[in-house]
Amino acid sequence: MYVSDLALDDFRSYRHLVVGLEPGISAFIGPNGQGKTNLVEAIAYLSTLSSHRVGADRALVRRADDGEQPGGAVVRAKVVHGERPSVIEIEIIAGRANRARLNRGACRPRDLAGILRTVVFAPEDLALVRDEPGVRRRFLDDLAVMLRPALAGVRLEHDKILAQRASLLRSARAHRGRGASSSIESMMSTLEVWDAQLAAAASRLIAARIEVVQRLRPWVESCYEAVSDNQSEARLAYRSSLLAHEGAIDPEPGPAWEEALTAESGLADAAAVSARLESAMGGLHAREIERGANLVGAHRDDLSLFLGSLPAKGFASHGEQWSLALALRLASYEMLRHDVDAYGGDGEPVLILDDVFASLDDGRRAALAAMVAGAQQVLVTAAVDADVPEGLAGVRFRVAGSEVTRD
Ligand SMILES: Nc1ncnc2c1ncn2[C@@H]1O[C@H](COP(=O)(O)OP(=O)(O)OP(=O)(O)O)[C@@H](O)[C@H]1O
Ligand SMILES: [Mg+2]
């Protein structure tokens, strides 16, 4: 698939932008702070409804330095895929829920899930290897939604139940302090209802993540081999808080690779996982009330990354971490591209490379350029022409002061 038209209103530094795009490679070139990342961020936002740079949508609405503040931002794109194009639009309203449109008709934002597939690789991606598990959960969940759009609803539902259960746990803690036994009893029966609901939603999320991990696995291995010139193999395994609770894996992160893989296969049956989660929660009530937090479930899981037999986090060198992050993104692209079920086989995502060539050494640069040369649509940003590898001919756009002009 590819994006043929993009229009922005009051998105980040853009007051108003309309730009036509083509399949193949497009490079957006300009000095620092001119709006290159803002432009590709808008496209990525339409795909996942979240930014790769910030958690809060408020930053995405243009801040006018003079006069009236815009109340919201609009991002609209025409996506060409399969037989018929789709026009998707999202209005980001500061402090309120987004509004969405599909082919000019109003829809729920979640109905846009999976329509535009993107894979973004950006300098921030080192976080995939280094940072806290939440970054990797989001990586898996975004891919799971692109593969199976219905999961967008499950994900929202899961997060809602999680928040409600946490709030119940906190009020139970407060009541316990005051010794009000009748209200504690009613809270305990409400808690059991939440246990069942959370277990059901979490088990669906876990099953979807494991599917992603399994489909991604061979691609991560081959992409890591292509972008790194050393011998170790990149491996990944789903790390579940349920298994840690059941004692099947070491509660401290960093089990051996084989152990992690065997553990993952113990989560194959989603209905059984739901029942096991519910019983784990039942056994944890006292501790959960004490802590005022949900202690087991999809929200405590992680994706373990290994180079050879060592965990990447804490062991891999800076260059290895960078290669692994790149391999995870390229593997995502390959996995989606080979997903023949989508759009009559046109599930190939738009590949976005934000400011990455400048930070790669020659070997990795050449490997990446070779891998993306045949992609259906690649959007590259760079400060200067020389940062775009020569092999990547294509359309060049100049970006200056949030104005975009085609060469
Ligand atoms: N909500 C906003 N309203 C107005 N301006 C914004 C907003 N968010 C970011 N900006 C401005 O956009 C500019 C950054 O644009 P962007 O990140 O796209 O730069 P870039 O061209 O990618 O630069 P670099 O080469 O340094 O990565 C900054 O000047 C920033 O102040
Ligand atoms: Mg940038």
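Straight-line cross-link partners of Lys313 among the aspartates and glutamates, defined as a Cα under 16 Å from its Cα and at least 8 positions apart when in the same chain: Glu124, Asp125, Asp131, Glu132, Glu233, Glu252, Asp301, Asp302. Using a Gaussian network model of the chain in which every pair of alpha carbons under 10 angstrom is joined by a spring, one finds that among Val75, Val193, Val213 the greatest mean-square fluctuation is at Val193.
At a probe radius of 1.4 angstrom, the accessible area of segment 286-352 per residue rounds to 35 square angstrom. In this structure, the amide hydrogen of Phe28, modeled 1.01 Å from its nitrogen in the peptide plane, lies closer than 5 angstrom to those of Val380, Thr381, Ala382, Phe397, counting only residues at least 5 positions away or on a different chain. Looking at segment 1-79, the accessible area is 40 square angstrom per residue; that uses a 1.4 Å probe and ignores ligands, DNA and RNA.
Ignoring any ligand, DNA or RNA, what whole percent of the accessible area of the chain comes from carbon and sulfur when the probe is 1.4 angstrom?
On the way: 8720 of 17580 Å².
About 50 percent, which is the carbon plus sulfur part of the accessible surface.
Helix 270-291 and the longest principal axis of the C-alpha atoms of the chain enclose an angle of approximately 70°. Highest mean packing first, where packing is the average number of other Cβ atoms within 10 Å per residue, the peptides 63-69, 43-49 line up as 43-49, 63-69.
Quick one: compute the contact order of the chain, relative version, from alpha carbon pairs under 8 angstrom and 6+ residues apart, as a percent. Don't skip to the end; give the middle numbers.
On the way: 734 pairs, mean separation 103.5, N = 407.
It rounds to 25 percent for the chain.
The Cα center of segment 92-160 and the Cα center of segment 330-345 differ in position by 17 Å.
The relative contact order of segment 1-149 comes to 22 percent, based on Cα pairs under 8 Å that sit 6 or more residues apart. Of all lysines in the structure, the ones whose alpha carbon falls short of 28 Å from that of Lys78, not counting any fewer than 8 places away in one chain, are Lys36. Straight-line reach from Lys160: taking Cα to Cα under 27 Å and skipping same-chain neighbours fewer than 8 places apart, no lysines fall in range. Of Glu91, Glu290, Glu334, the residue with the greatest mean-square motion in the GNM of the chain, using alpha carbon springs below 10 Å, is Glu290. Each of Tyr238, Tyr343 has its accessible area taken with a 1.4 Å probe; listed largest first, they run Tyr343, Tyr238. The heavy atoms of His16 present about 120 square angstrom of accessible area, all protein chains included, probe 1.4 Å. With respect to the chain, whose longest principal axis is taken over its alpha-carbon atoms, helix 362-372 is tilted by about 90°.
Could you please tell me the mean projected area of the C-alpha convex hull for the chain, averaged over all directions and given in square nanometres to one decimal?
On the way: hull surface 86.7 nm².
Hull-based average projected area comes out at 21.7 nm².
Put the Cα centre of segment 1-47 next to the Cα centre of segment 284-309 and the gap is 38 Å.
Under a Gaussian network description of the chain, with springs only between Cα atoms under 10 Å, the residue in Val380, Val119, Val19 that fluctuates furthest is Val19.
For the chain, the antiparallel share of DSSP beta bridges with both residues in that region comes to about 70%. Relative to the dominant Cα principal axis of the chain, helix 318-337 is inclined by about 90°. Overall form of segment 38-169: rounded. Here a/c, set by the Cα gyration tensor axes a ≥ b ≥ c, is under 1.5.
Note on segment 349-405: Cα-Cα pairs beyond 18 Å make up 30% of the total pair count.
The values are calculated or read from the model by the stated rules, or taken from the named source; none is laboratory data. All values reported here derive from a predicted model rather than from experimental measurement. Glycine gets a Cβ as well: all are built from the backbone with ideal geometry, and neighbour counts include every protein chain shown. Accessible surface areas use protein heavy atoms only, side chains included; no ligands, DNA or RNA. Shrake-Rupley method; radii C 1.70, N 1.55, O 1.52, S 1.80 Å.
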